[in-house]
Amino acid sequence: MAKLLNVALLGNPNTGKTSVFNRLTGLTQKVGNYPGITVEKKEGRSRLDPTTYARILDLPGTYSLNASSMDESVVVELLLNKKDKDFPDVAVVVTDVENLKRNLLLFTQVKDLNIPTILVINMADQMKRKGITLDIPLMETQLNTRIVLTSTREKMGIDSLRKAILNYRALSTEPAMDVTTIDPEYFESLQRIFPNESLYKLWLVITQDVNFSKLDRQRVSDATAFKTQPESDLKRLQQKETIKRYQLINGVLKQAYKVDLSVAVDLRSRFDRVLMHKFWGYLIFFFILMLIFQSIYDWSSIPQDFIDGTFASLSDLAKQQLPTGTFTSLLAEGIIPGLGGILIFIPQIALLFFFLSLLEESGYMSRVVFLMDRGLRKFGLSGKSVIPLISGTACAIPAVMATRNIENWRERLITILVTPFTTCSARLPVYAILISLVIPKQGFYQGMTLMGLYLLGFIMALVSSWILSKTLKFNSKSYFVVEMPNYKLPLLKNVLITVLEKTKTFVVEAGKIIMAISILLWIMASYGPGKNFSNAAEIVQQEQPQLNNERLETKINAYKLEHSYIGILGKSLEPAIAPLGFDWKIGIALISSFAAREVFVGTLATIYHVESDSEETIKNRMASEVRQDGSPLFNLATGISLMLFYAFAMQCMSTLAIVKKETNGWKWPMIQLFSMTLLAYLAAFTSYQILS
Amino acid sequence: MIRLDQLDFGVLAEIDHIDTDELPLKLIEMGCLPGNDIRLIQKAPFDDPLYLQIDTSHLAIRKETAQHIFVRLKS
C-alpha cells in the first residue's frame with residue numbers, strides 16, 4: 001500500500017500559494033467545507049515517489065498565527081491539535097520573494113510549534129527584474145530549515161519541493177525563536193502550572209479563541225496559581241513578540257538578502273497612477289464592468305438557449321419513448337426540467353467567475369476595493385461589497401458566493417442579505433411581458449420603466465443595508481486592512497480551476513435544493529384531491545362538447561391545474577393577494593416562480609391554456625383576461641403592482657439555498673424570505689390601492 | 001511629529017509610535033511598527049482610505065485607523 005503524508009500548505013495571501021497548490025495537485029483537488037463554518041477546505045494529492053503520496057491541504061491564507069478571522073482560526077486550530085486527522089507531518093510555508101520579510105513572520109511562528117517546516121520562496125522569476133539576490137545556503141543555516149525556490153509561472157522548483165517533502169524527516173523541529181524572552185517571569189509561572197506543554201502553544205491558546213483539544217482557554221485562566229493578564233497587556237506582549245520576530249528576521253535578511261534598486265522595474269506606481277486616479281480610476285472601473293456584463297449577457301445566451309432546448313426535447317423524448325405513467329411524468333415534468341433549471345445557470349456563473357478571478361489574480365480587485373470603500377461604508381457595506389452587488393444583476397447566486405472575500409462578517413452578512421434586491425436576469429422576462437402589457441408604447445415610457453426597475457433594485461439594496469447597519473450589532477471590531485498586491489499577469493490554469501470549482505459548488509449545493517423543490521412543485525401540480533381533479537376529462541367534455549381534440553386537451557390540463565393541490569393553494573391565496581390586484585392564477589404563478597422567476601411566463605402560459613408558448617400569444621391571452629366585472633385583469637394598477645412584487649420579493653429558492661450554505665443555517669435565508677416578501681407585499685398593496 | 005493622516009504624499013517618514021490598543025494586530029504584523037519607514041502613496045476621494053507603503057508592504061487602511069499612528073518626517 002502506498003504511504004500517505006499529510007502536508008499543510010500555509011502562507012500569506014498573495015504569495016501564489018494557490019498556484020503552488022495547483023501545480024502540486026493538478027485536478028485531484030477536492031473542495032469542501034470545514035465542519036460548521038463556511039471556510040473552504042481544499043485538498044489534493046501529489047505523488048512524491050512511486051510508493052508515497054502527499055495529501056496536501058491548502059490552508060486559508062493568513063498573515064500570522066494570531067487569528068483575526070474564521071479563515072485564520074482554521075489554520076491555528078489545525079496546527080494546535082496533534083490528534084486532528086489532518087495534522088501535518090510537514091508544513092510548507094509559501095512566501096513571495098518580494099515580501100520575504102513580512103512573509104517570514106508566519107514561518108517563524110509555524111516553526112515554533114515544532115512541526116517540520118519547509119520554506120518555499122515563490123515568484124523566484126521576479127528576482128532578476130527586481131534586482132534581488134539571495135544567499136540560500138546562509139538562510140538555510142540561520143533559519144534551520146530547507147528552502148525551495150519556485151516559480152509557478154516558469155514551472156520551476158515543484159520537483160525539488162516534492163523531494164523536500166519526501167525527506168521531511170531530515171528537517172529540524174527546533175523552534176525559530178524562544179517566545180519566553182518577551183516576558184520571562186510570566187512564562188516561567190505558566191510553565192510551572194503546565195509543565196508538559198509547549199510554551200508557545202500555551203501562548204497561542206491564551207491569546208486567542210481557539211479550541212485546543214487537551215487544554216482549553218478556560219483551564220488556563222482557572223488555574224489558581226496563575227495570574228491572568230488583562231487583554232491590553234496581552235496585546236502589548238503580542239506586539240513585543242512581533243517586534244522580536246522581526247528583529248530575528250532582519251538579522252537573517254541583512255546578510256542573505258540584497259536588493260539593487262537601480263535594476264528594479266517599477267510597474268506598480270505606473271499602473272496605480274492611472275487605475276487609482278480620482279477620476280480616470282472610476283471611469284476605467286465603470287468601463288470594465290460594462291464590458292464584463294455585456295459579455296456575460298452576450299456569451300451566455302447561446303449556451304443557455306442550447307441547454308434550455310436540450311432539456312425541453314429530452315422531456316419530450318421521455319414522454320414519447322417511455323410508457324405513460326407516474327414515473328414518466330415525474331421524469332419528464334419534474335426531474336428533467338428541474339435539472340435543466342440548475343444547469344441553465346452554469347454559463348453565467350462560469351463566465352462571471354472567469355472575469356472575477358481575472359480581476360482578482362491580476363491584483364486589480366484590491367484597487368477597486370480602495371476606490372469604492374468610502375462610498376459604500378456609509379451604507380454599512382465595505383469596498384469589497386462592490387463585486388457582489390454588481391454581479392447580482394446577472395444572478396444572485398454567484399454574487400452571494402462572491403462575498404467570500406469580505407473578511408468582516410458583519411459587512412459580509414449585510415452584503416449577502418441585500419444582494420437579491422439587485423435586478424437579476426431572471427426578472428427580465430417577467431418585466432418584459434408586463435411592461436409590454438400595461439405601459440403605453442409611445443415615447444420612452446417602456447424603456448424608462450425598465451431602467452427604473454433596475455435603479456429601484458439598487459436603491460432598495462442600499463436602503464436596506466443602511467437599515468441593517470443600524471440594527472445588526474456584532475461584537476467583532478470592524479477594521480479594514482487591505483494589502484495592495486503587485487500587478488500580475490493572471491495564470492490561465494489558476495483562473496480555470498477557480499471557474500471549475502465554483503461551478504461545481506453551485507451545481508452540487510444549490511442543485512440539491514432546486515431539484516427537491518422542482519419535484520415538490522410537480523407533485524403539487526400533478527395531483528389533486530377529490531373528483532374534480534380525477535374526473536377532469538369527463539367534466540370538461542360534458543361542459544364543452546364542441547371542442548376539438550387539441551383544444552380539449554389544453555382545456556382539460558387547465559382544469560386539472562385549477563383543481564390540483566397547487567391550484568387549491570393558489571385559490572386559498574386569493575383573499576390575501578386580491579388587494580394587490582392578483583387573482584388565483586397569478587397566485588399559482590407566484591408560487592411556481594419560487595423555482596425560478598422566469599417560470600412566471602411559462603406557468604401563466606399553462607394556466608391560460610395557450611397552445612404555443614410564443615410570447616405574443618401569451619400576451620394576447622393575458623390581455624384578454626377579464627375580471628368578474630368585465631374590466632381587463634392586467635391593467636396599469638395590476639401590472640405595476642406585480643412588477644413591484646417581483647422587484648422586491650424573495651422568490652428564488654436557488655438564492656435561498658446558497659444563502660443557507662454561506663451563512664450556515666436557515667436563520668438568515670428565512671429572515672430574507674419573510675422581510676423581502678413582506679416588503680414586496682406592502683409595495684404592491686400600496687401601489688395597487690393608489691392606482692386602481 | 002504628526003499623525004499619519006496629516007502626512008503629505010510621497011514624503012518619507014518613520015513611525016514614531018502607535019496606539020497599540022486601537023490598532024488591529026494584523027496591521028502591526030504587516031510591519032506597522034515603530035522605527036519602520038512609511039510613505040503615503042495615495043488617498044481615495046474624501047481622503048479615505050489611505051494607500052500606504054510601510055517598510056516593504058503596500059496596504060490600504062481607513063483614516064480612522066491612521067489616526068492612531070504617529071510619524072516623524074525623515075529629511
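Using DSSP, restrict attention to beta bridges with both residues in segment A:1-264 and report what percent are antiparallel, rounded to the nearest 5. Each step should come with its number before you reach the end.
Details: 15 of 37 bridges.
Antiparallel: roughly 40 percent of the beta bridges in segment A:1-264.
Under the rule of -39500 (n - 2.57) per DSSP H run of 4 or more residues, summed and divided by the residues of the protein assembly as shown, what mean residue ellipticity at 222 nm is obtained, to the nearest 500 deg cm²/dmol?
Values: 35 runs with 418 residues, N = 767.
When only DSSP H runs of four or more count, the value is -17000 deg cm²/dmol.
Note down the nm distance, to one decimal, between modelled labels 7 Å out along Cα→Cβ at A:Asn196 and at A:Trp466.
6.1
By how many nm would the segment from A:Lys254 to A:Ala312 lengthen if fully extended, with 0.36 nm per residue of separation less the alpha-carbon distance? Spell out each step's value before the answer.
Values: separation 58, 0.36 × 58 = 20.88 nm, distance 6.84 nm.
Residue separation times 0.36 nm, minus the Cα-Cα distance, leaves 14.0 nm.
What ³J(HN,Hα) values, in whole Hz, does the Karplus curve 6.51 cos²θ - 1.76 cosθ + 1.60 give for segment A:566-575 when θ = phi - 60°, with x put for Gly and Pro?
For segment A:566-575, the Karplus curve yields 5, x, 5, 4, x, 5, 6, 6, 3, x Hz.
Determine how many Å³ per residue the convex hull of the Cα atoms of chain A encloses.
Details: hull volume 140.2 nm³, N = 692.
Each residue corresponds to 203 Å³ of Cα convex hull volume.
When Cβ neighbours within 10 Å are restricted to other protein chains, what is their mean count per residue of peptide B:49-61? Spell out each step's value before the answer.
Working: counts 10, 1, 7, 1, 3, 1, 4, 6, 7, 10, 7, 12, 4.
Per-residue shielding by partner chains comes out at 6.
In a shell of Cβ-Cβ distance under 10 Å around A:Leu633, excluding A:Leu633 itself, what net charge do Lys and Arg (+1) and Asp and Glu (-1) give?
Numbers: positive: A:Lys585, A:Arg627; negative: A:Asp583, A:Glu625.
So the environment of A:Leu633 carries a net charge of 0.
Just to verify a number: FRET efficiency for A:Leu455 and A:Gln542, C-beta to C-beta distance, R0 = 56 Å, to 0.05? Before the final figure, lay out each step's value.
Values: r = 52 Å, r/R0 = 0.94.
Efficiency, from the Cβ-Cβ distance: 0.60.
Provide the net charge surrounding A:Gln255, with neighbours chosen by a C-beta distance below 13 Å and charges set as Lys +1, Arg +1, Asp -1, Glu -1. Before the final figure, lay out the partial values.
Values: positive: A:Lys254, A:Lys258; negative: A:Asp135, A:Glu140.
Surrounding charge for A:Gln255 is 0.
Under 5 Å between amide hydrogens, which residues at least 5 positions from A:Met156 or on another chain qualify, with H placed 1.01 Å from N in the peptide plane?
A:Ser151
Towards the positive end of the charge dipole of segment A:492-691, with charges on Cβ (+1 Lys, Arg; -1 Asp, Glu), say which of A:Leu580, A:Met653, A:Ile640 has the farthest Cα.
After comparing all options, I get A:Met653.
How far apart, in nm, are the 7 Å Cα→Cβ label points at A:Gln321 and A:Asp233?
Result for the modelled spin labels: 7.7 nm.
Report the charge-dipole magnitude of segment A:492-691 in Debye, nearest 20, computed about the Cα centre from +1 at each Lys and Arg Cβ and -1 at each Asp and Glu Cβ.
Numbers: 17 positive and 17 negative charges, 157 e Å.
Once rounded to the nearest 20, the dipole reads 760 debye.
Cut-off is 10 Å between beta-carbons; in what order do A:Tyr445, A:Tyr565 appear when sorted fewest neighbours first? Provide the component values of the computation, followed by the final result.
Details: A:Tyr445 12, A:Tyr565 16.
Going from sparsest to densest Cβ surroundings: A:Tyr445, A:Tyr565.
Do the alpha carbons of any pairs in A:Lys378/B:Lys43; A:Lys128/B:Lys63; A:Lys41/A:Lys111; A:Lys504/A:Lys660; A:Lys41/A:Lys130; A:Lys155/A:Lys254 sit beyond 27 Å of each other, and which pairs? Don't skip to the answer; put the middle values down first.
Details: A:Lys378/B:Lys43 18 Å; A:Lys128/B:Lys63 36 Å; A:Lys41/A:Lys111 23 Å; A:Lys504/A:Lys660 17 Å; A:Lys41/A:Lys130 34 Å; A:Lys155/A:Lys254 29 Å.
Result: A:Lys128/B:Lys63; A:Lys41/A:Lys130; A:Lys155/A:Lys254 exceed 27 Å.
Note the full-extension length gain between A:Lys531 and A:Trp299 as 0.36 nm times their separation in residues minus their Cα-Cα distance, in nm to one decimal. Please report the intermediate quantities before stating the final value.
Working: separation 232, 0.36 × 232 = 83.52 nm, distance 4.93 nm.
Answer, rounded to one decimal: 78.6 nm.
Given A:Ile435, A:Leu291, A:Leu453, which one lies farthest toward the positive end of the charge dipole of the protein assembly as shown, if we put +1 on the Cβ of every Lys and Arg and -1 on the Cβ of every Asp and Glu?
With unit charges placed on the Cβ atoms, the residue in question is A:Leu291.
Could you pull out which residues in segment A:143-179 have an amide N less than 16 Å from a spot 7 Å beyond the Cα of A:Lys128, following the Cα-Cβ vector?
A:150-157
Net charge within 10 Å of A:Asn532 by Cβ-Cβ distance, Lys/Arg positive one each and Asp/Glu negative one each, not counting A:Asn532 itself?
Working: positive: A:Lys531, A:Lys560; negative: A:Glu562.
So the environment of A:Asn532 carries a net charge of +1.
Take A:Leu472, A:Leu521 and order them by how many other Cβ atoms sit within 10 Å, fewest up front. Write out the running numbers ahead of the final one.
Numbers: A:Leu472 13, A:Leu521 23.
So the ranking, lowest neighbour count to highest, is A:Leu472, A:Leu521.
Roughly speaking, what is the centre-to-centre gap between segment A:39-112 and segment B:36-75 when only Cα atoms are used, to the nearest Å?
30
Show the residues, 5+ positions off or on another chain, whose built amide H is closer than 5 Å to the amide H of A:Arg146.
A:Leu119
Please list 3J(HN,Hα) in residue order for segment A:92-102, calculated via the Karplus relation 6.51 cos²θ - 1.76 cosθ + 1.60 where θ = phi - 60°; whole Hz, with x for glycine and proline.
10, 9, 8, 10, 10, 4, 6, 10, 3, 4, 5
Please list, ordered by chain and number, the residues whose modelled amide H lies under 5 Å from the amide H of B:His17; skip anything fewer than 5 residues away on the same chain.
Amide H neighbours of B:His17, under 5 Å, 5+ apart: B:Phe70.
I'd like the distance between the alpha-carbon centres of segment A:642-666 and segment A:370-412, rounded to an integer number of Å.
Using only Cα atoms to place each centre, the spacing works out to 17 Å.
Label-point separation (nm) for A:Ser624 and B:Asn36, each offset 7 Å from Cα along Cα-to-Cβ?
For the pair A:Ser624/B:Asn36, the computed spacing is 7.5 nm.
Which lysines, on any chain, are close to A:Lys560 with Cα under 17 Å apart, when same-chain ones fewer than 8 places away are left out?
Result set, ordered by chain and number: A:Lys531, A:Lys571, A:Lys585.
Per-residue HN-Hα couplings for segment A:154-164, Karplus 6.51 cos²θ - 1.76 cosθ + 1.60 at θ = phi - 60°, whole Hz, x for Gly and Pro?
9, 6, 10, x, 5, 5, 5, 5, 4, 5, 4
Distance from the Cα centre of segment A:418-461 to that of segment A:523-556, in angstrom?
37
Quote the charge dipole size of the protein assembly as shown about the Cα centre in Debye, to the nearest 20; the model charges only the Cβ of Lys and Arg (+1) and of Asp and Glu (-1). List each step's numbers first, then the result.
Details: 81 positive and 74 negative charges, 202 e Å.
Around 960 debye, computed over the protein assembly as shown.
Quick check for me: using +1 on Lys/Arg Cβ and -1 on Asp/Glu Cβ, what's the dipole size of segment A:109-160 about its Cα centre, in debye to the nearest 20?
Values: 7 positive and 6 negative charges, 45 e Å.
Taking the Cα centre of segment A:109-160 as origin, the dipole is about 220 debye.
In chain A, what % of DSSP beta bridges are antiparallel (nearest 5)? Can you show the working numbers first?
Working: 16 of 38 bridges.
The antiparallel fraction comes to roughly 40 percent.
Each reported figure results from applying straightforward, stated rules to the coordinates on display, with no laboratory input. Computed from a prediction, not measured in an experiment: that's the story for all the values here. So basically every Cβ, Gly included, is an ideal-geometry build from the backbone, and we count neighbours across all protein chains shown.
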